[in-house]
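What follows is a short report on a single structure.
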Amino acid sequence: MAIDEIETGDDAQLREEPKKYQADNIQVLEGLEAVRKRPSMYIGDTGVRGLHHLVYEVVDNSIDEALAGYADHIDVTIEEDNSIRVTDNGRGIPVDMHEKMHKPALEVVLTVLHAGGKFDKGSYKVSGGLHGVGVSCVNALSDYLRAEINRDGKVYMQEYSIGKPTCDLKVIGESDHTGTTIIFHPDANIFSETVYNYETLANRLRDLAFLNAGITLTLTDMRERDEQGEPKSEVFYSKDGLREFVKYIDAGKDPLIEDIIDLKTEKNGVPVEVALTYNTDFNENIYSYVNNINTIEGGTHLTGFRRGLTMTLKKYADDNKLLEKLKIELSKEDFRDGLTAVVSVKVAEPQFEGQTKTKLGNNEVMGVVQTAVSEALRNYLEEHPKQAKVIVDKVALAAQARHAAQSARMRIQNKSSLGAAGLPDKLAPCKSRDAELCELFLVEGDSAGGSAKQGRNPHFQAILPLRGKILNVEKAQDHKVLASDEIVNIYKTLGVTIGTEEDSKEPNMTKLRYHKIVIMTDADVDGAHIATLLMTFFYRRMRPIIDNGYLYIATPPLYKCTIKGKKKDSGAEYCWTDQQVQRFVDTKCGGDRNKLELQRYKGLGEMNPEQLWETTMDPENRMLKQVTLTNAAEADRTFSVLMGENVAPRREFIETHATYANIDA
Ligand code: 0RA
């Protein structure tokens, strides 16, 4: 691991440059300047996603140190001011002079683009953030960054602002251990949002713990304290890695087989890890990772997994004459019902493709995963004939259900039970036909639906009231789902059809009428359930709606604050948090709580149409939360845990999670 193998990107020119020191300096500044000029090129975007990406980038460096065998603890803290502190117990980033650059190695790592990834030539950077940009990007996009290195019995420290050192590296104390601490505060001139979401970071750290068994990760939130004054904190650690990951995902489900089938091997220099099981539900949960990055769009490793699974199960069933009675041809998708799996590979030079660069393109990985899965699954089936039969029976059942669903799909296409235009009677459509402009509000209950219809802007806002809870698509097969009136109404309203072909589960979105679909429910437990059911429905049946960022959650206010004695509604303010109420008291009531008139909204129905418009629907004022894929997946799990038949995990879950809708702001 030689530190002087760091490349600056424009090294050819630099090598011929006699006054290296100067040239290097210019290069460094230009590099980080480029990051500040076009941050999205480096971290994807400058919204909430990019903001959290900064943390992943820093943590990934510590994960690399852990995977190299030198660290086993990584602590992440959200400080009160939304600074992030990441500490590991690795060797500490070297601080000795870098020969070419004439600066401490630490400073090179923090100021030279991509320097971080090139320590270990020849071996892959195992974790590596999505864009693999390195910690210097984080530095460039932070208005403050501080590095503390425990090494050689000392504590070294250096501080930066927007990528530039504000002091020389110095010794600030003695130390009896080694490690690296990076503290940074995101620059509000770059990011549209600088408030960190605990749940988003927790989800990533939990993933990392499962994917890298044996490493302890902690997350502490100094912004939130309990009655004892202790900050909110969680520890993520997994002894058994992917096996535990699969158990975690399926916590609320009924297992079809008790076992988790797993494998860990390396083929052609590609480390492969897989764990899988089946539950009694009818959906598939496959999570795939490349170098610890969640490959949402799949790719060759996922294809290899599916092929290995399908072919091995099919061959086992045929060899053992288990499908002789089945009159229907099996289709690929029959093997997916109730399947939960995690696939994790490490690839030296991953090629990422697709819209979000989360689809693995390396062809050589396909056969590697397929062979590994086939071998492990064949062994399992041969050693466990009872379980093998249960799985094959489920596959046969799926084939029959698929057959039955074919006729049910016709319901979506025909026009009976609907208004003249083929639209549900309950729908209040909007005037505009421009899908990009149009918004559909899915509203809990007819009374709130009525208020929304009166309060809306009818030009671009449509309202579809929903009666109570929609069907739980986790627990229902295709033909049941398509027999539900509420669900058919949603399909029709959106203008989405699903194929009548036997194999086609894919929705056809070409005639989609709305590019904003807003779930609007009460801010209580029932409302959260309905929102979760709807998210689960879109997640399972109309994934592209989520992928394209079309799905949102409305956030009605929890309070209305007025000053006592003042004319009704004059100077009234709507509040979403207790802090906002306090601010109202401070600014409008002169700090006197007695002057506060506080109205607590329990449901949407308590607001009149004007209030609903003002607070929750008016694009000028409202705060919509976008539903993203990670939180949709988490919501799916959460929902299973809360609504599933398994009482034990549900109790445990409720005890540890006060709120359970994990939705990114
Ligand atoms: C290169 C060499 C050495 C340590 C590291 C990198 C290192 C980087 C990071 C980033 C976050 N935490 C880290 N911990 C260590 C050590 C070389 C040596 O000691 O011989």
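Going through segment 44-74 one residue at a time, which ones are under 24 Å from SER175 (Cβ atoms), surrounded by fewer than 20 Cβ atoms within 10 Å (Cβ to Cβ) and either more than 10 Å from the ligand (Cβ to nearest atom) or not aliphatic (A, V, I, L, M) (or both)?
Within segment 44-74, LEU67, GLY69, TYR70, ASP72, HIS73 qualify.
Could you check GLY122 against (1) within 17 Å of HIS98 (Cα to Cα); (2) at pLDDT below 60; (3) away from the ligand (no atom under 14 Å from the Cβ) and say which number it fails?
(1)
Of all residues in segment 266-302, count the ones that are out of contact with any strand residue (DSSP E or B) (no Cβ under 7 Å at 6 or more places or on another chain) and assigned to a loop (DSSP other than H, G, I, E, B).
Of the residues in segment 266-302, 9 are out of contact with any strand residue (DSSP E or B) (no Cβ under 7 Å at 6 or more places or on another chain) and assigned to a loop (DSSP other than H, G, I, E, B).
Determine which single condition LYS359 fails, assuming it passes every other condition in (1) within 20 Å of GLN387 (Cβ to Cβ); (2) charged (D, E, K, R); (3) touching an Asp or Glu at 6+ places or on another chain (Cβ under 6 Å).
(1)
Considering only segment 184-215, state which residues are closer than 22 Å to ALA68 by Cα and either among the hydrophobic types (A, V, I, L, M, F, W, C) or buried (at least 16 other Cβ atoms within 10 Å of the Cβ) (or both).
Answer for segment 184-215, where residues must be closer than 22 Å to ALA68 by Cα and either among the hydrophobic types (A, V, I, L, M, F, W, C) or buried (at least 16 other Cβ atoms within 10 Å of the Cβ) (or both): ARG204, LEU205, ARG206, ASP207, LEU208, ALA209, PHE210, LEU211, ASN212, ALA213, ILE215.
Conditions: (1) assigned to a helix (DSSP H, G or I); (2) of a type in the set (Lys, Arg); (3) modelled with pLDDT under 90. LYS602 meets all but one. Number of the miss?
Here LYS602 meets the rest and fails (1).
Here are the criteria: (1) modelled with pLDDT of 95 or more; (2) within 14 Å of the ligand (Cβ to nearest atom); (3) not acidic (Asp, Glu). Tell me which single one GLY134 does not satisfy.
Failing condition for GLY134: (1).
Is it true that GLU244 is under 20 Å from the mean Cα position of the chain (by Cα), at pLDDT 95 or above and part of a strand (DSSP E or B)?
Against the criterion (under 20 Å from the mean Cα position of the chain (by Cα), at pLDDT 95 or above and part of a strand (DSSP E or B)), GLU244 does not qualify.
For ASP592, which of the numbered conditions (1) touching a helix residue (DSSP H, G or I) at 6+ places or on another chain (Cβ under 9 Å); (2) more than 30 Å from ASN283 (Cα to Cα); (3) surrounded by 18 or more Cβ atoms within 10 Å (Cβ to Cβ) fails to hold?
(3)
If you scan segment 546-574, which residues turn out to be surrounded by fewer than 18 Cβ atoms within 10 Å (Cβ to Cβ) and outside any loop (DSSP other than H, G, I, E, B)?
Once the filter is applied, which keeps residues that are surrounded by fewer than 18 Cβ atoms within 10 Å (Cβ to Cβ) and outside any loop (DSSP other than H, G, I, E, B), segment 546-574 yields ASP547, GLU573.
Run down ILE183, ILE162, ILE149, ILE172 and say which single residue is more than 12 Å from GLU107 (Cα to Cα), among the aliphatic types (A, V, I, L, M) and within 14 Å of the ligand (Cβ to nearest atom).
Selected residue: ILE183, the only one of ILE183, ILE162, ILE149, ILE172 that is more than 12 Å from GLU107 (Cα to Cα), among the aliphatic types (A, V, I, L, M) and within 14 Å of the ligand (Cβ to nearest atom).
Would you point out the residue of segment 303-352, among those that are assigned to a loop (DSSP other than H, G, I, E, B) and among the small types (Gly, Ala, Ser), that is surrounded by the fewest Cβ atoms within 10 Å (Cβ to Cβ)?
In this case the residue turns out to be ALA348.
Quick one: in segment 87-98, which of the residues that are within 18 Å of THR111 (Cα to Cα) and in contact with a helix residue (DSSP H, G or I) (Cβ under 8 Å, 6 or more places away or on another chain) is farthest from the ligand (Cβ to nearest atom)?
Here the residue is MET97.
The values are calculated or read from the model by the stated rules, or taken from the named source; none is laboratory data. Keep in mind it's a predicted model, so treat the numbers as computed, not measured. Cβ: placed from backbone, ideal geometry, glycine included. Neighbour counts: every protein chain shown.
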